[in-house]
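To keep things clear, I will list the structure first and then write my remarks on it.
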Amino acid sequence: MSAPSTLTFCSRAVAYHFEHDDFQTILFDIVEASLEDIHDEYEPFFSEGRSYLWPLDHGSKESLLRLMREQEIRAFDIQSSLGLSGWIWARDLTKIRAHAR
């Protein structure tokens, strides 16, 4: 019998950032995090993006987080055993367990 795998889908993703993908990534989990924690950890990334209206037009951290909450956007942290790491801001994240054939 083959090992179970998990398919993960996001709905209404508004921002994401991936690092260290080596095409041999072993994901450990994707867990919900706080918008503030993600923003604080990647503050230079968000500051640079603001001049490009990324992830959308906003004047400050507070206004961005308020807009995300109004749109019911949540933060998800990608945790891996090997390779890819990063995060996604999206409305929902759905995990479906499947058995590979």
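Things worth noting here:
- Net charge of the neighbourhood of Glu72, taken over other residues with C-beta under 15 Å away and scored Lys/Arg +1, Asp/Glu -1, is +2.
- Local net charge near Phe9, Cβ-Cβ under 12 Å (Lys/Arg +1, Asp/Glu -1): +2
- In region 29-101, the GluC sites (Glu not before Pro) that fall in loop regions by DSSP, at most 14 other Cβ within 10 Å: Glu72
- Only Cα pairs under 8 Å and 6+ residues apart enter the sum, and on that basis the relative contact order of the chain stands at 53 percent.
- Order of Leu64, Leu7 - criterion: other Cβ atoms within 10 Å of each residue's Cβ, fewest first: Leu7, Leu64
- Sorted by Cβ neighbour density within 10 Å, fewest at the top, the residues Tyr52, Tyr16: Tyr52, Tyr16
- Scanning residues 5 or more positions from Leu27 or on other chains, those with amide H under 5 Å from its amide H are Ser81, with H placed 1.01 Å from N in the peptide plane.
- Here the 3J(HN,Hα) profile of region 17-28, calculated from phi with Karplus coefficients 6.51, -1.76 and 1.60 at θ = phi - 60°, is 8, 10, 9, 6, 6, 10, 6, 9, 5, 10, 6, 8 Hz, Gly and Pro shown as x.
- The chain: angle of helix 61-70 to the longest principal axis, Cα-based, in degrees nearest 10: 60
Every read-out reported here was derived from the displayed coordinates using simple, explicitly stated rules and does not represent laboratory data. Everything numeric in this text was worked out from a predicted model, so none of it was measured. With ideal geometry, Cβ positions are generated from the backbone for all residues, glycine too; neighbour counts draw on all protein chains shown.
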